[in-house]
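The values are calculated or read from the model by the stated rules, or taken from the named source; none is laboratory data. Note that the structure is predicted; figures quoted are calculated from it, not measured. Because the Cβ atoms are built from the backbone with ideal geometry, glycine has one as well, and the counts that use them run over all protein chains shown. Side chains included, ligands, DNA and RNA excluded: accessible areas come from the protein's heavy atoms. Shrake-Rupley method; radii C 1.70, N 1.55, O 1.52, S 1.80 Å.
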Amino acid sequence: PWYFLREICRIPDDGNPRGVPFKLHRGNMAMLFCLMQNINTSVILPRQTGKTQSALSWYMYLFNFGTNSAEISFLNKKFEDSKLNLTRIKAIRDLLPSYLKMDQVFAMDGSKLKGKNSVETLQHPINNNRIRTVPSARDVTSAASLMRGRTTSIIYIDEWSFIKHNKIIYLNMVPAWNTAARNAKANNKPYGMLITTTPGILTTDEGMYAYGTREMATKFSEHW
């Protein structure tokens with residue numbers, strides 16, 4: 001993974017068709033280290049420091065090379081933002097060398113076969129990995145059923161501090177995630193949950209819950 005990020009992965013950049021190299025700093029290096037150990041991770045970084053692009057670069061690695069037959073779920077404060085992150089991950093893939101994109105395969109008759117590709121879902125045609133975006137919750141009832149029963153072992157939640165009903169979503173999705181994560185661990189495959197966000201507003205329920213989950217988490221140490 002480190003070689004992929006350091007030497008191969010490039011980040012889209014306006015006006016630059018080749019993109020720019022992936023940049024490591026103390027924040028995203030700590031995040032990536034934890035993810036590589038399958039540790040559930042919560043990260044708060046200021047805006048424009050690359051937290052989302054760093055996360056999406058990691059999930060691009062997992063989707064293309066790091067696992068197989070896995071489901072990866074993307075959540076965000078709005079459904080449009082979840083779909084935007086899926087668009088961003090496609091843009092990262094488009095900047096890979098052609099022999100590493102693996103966005104299509106050929107049938108025995110030479111015809112091209114493509115995986116499922118829409119604004120909401122991306123499926124790999126070779127390793128059968130799939131990324132699915134998750135809509136936002138309109139109310140308490142939809143929040144309770146949003147991720148309940150979805151056996152996805154890898155979850156990325158962006159802008160956690162601004163997701164309405166985030167406590168209800170979290171408590172209802174964890175049981176199914178636990179089952180999927182145990183299965184992935186037994187098969188020696190990656191699993192885990194990543195939460196990234198900018199600082200929230202402590203006068204809102206979602207901001208307070210996000211702050212509480214961060215405060216209860218084990219603090220990262222560079223001695224690790």
Residue ID - farthest from Val43 (Cα to Cα), chosen from residues in segment 184-203 that are in contact (Cβ under 8 Å) with a residue 12 or more places away in the chain and β-branched (Val, Ile, Thr): Ile201
Members of segment 174-224 found to be outside any loop (DSSP other than H, G, I, E, B), small (Gly, Ala, Ser) and within 20 Å of the chain's Cα centre (by Cα), listed by number: Ala176, Ala180, Ala181, Ala184, Gly192, Ala210
Cross-chain or 6+ apart pairs with Cβ under 7 Å, segment 27-56 first and touching a residue at least 40 places away in the same chain (Cβ under 8 Å) and open to solvent by less than 20 Å² (accessible area, probe 1.4 Å), then aromatic (Phe, Trp, Tyr) and part of a helix (DSSP H, G or I): Leu35/Trp58
Close pairs from segment 210-224: first among the β-branched types (Val, Ile, Thr), partner open to solvent by less than 100 Å² (accessible area, probe 1.4 Å), Cβ under 7 Å, at least 6 apart: Thr213/Ser42
Residue within segment 86-95 that is hydroxyl-bearing (Ser, Thr, Tyr), surrounded by fewer than 16 Cβ atoms within 10 Å (Cβ to Cβ) and outside any strand (DSSP E or B) present: yes
Complete set of residues in segment 1-40 that are assigned to a loop (DSSP other than H, G, I, E, B) and under 23 Å from Ala181 (Cβ atoms): Pro1, Gln37, Asn38, Ile39, Asn40
Matching residues in segment 133-169 - criterion: being without any contact (Cβ under 8 Å) to a residue 40 or more places away in the chain, open to solvent by 60 Å² or more (accessible area, probe 1.4 Å) and in a helix (DSSP H, G or I): Val140, Thr141, Ser145
Residue pairs meeting the criteria (Cβ under 8 Å; at least 6 apart or on separate chains; first closer than 30 Å to Asp139 by Cα and of a type in the set (Val, Ile, Thr), in segment 77-104; second modelled with pLDDT under 95 and part of a loop (DSSP other than H, G, I, E, B)): Thr87/Val119
Positions within segment 30-86 being among the hydrophobic types (A, V, I, L, M, F, W, C), within 11 Å of the chain's Cα centre (by Cα) and within 24 Å of Gly19 (Cβ to Cβ), in sequence order: Leu35, Ala55, Leu56, Trp58, Met60, Leu62, Phe63, Ile72, Phe74, Leu86
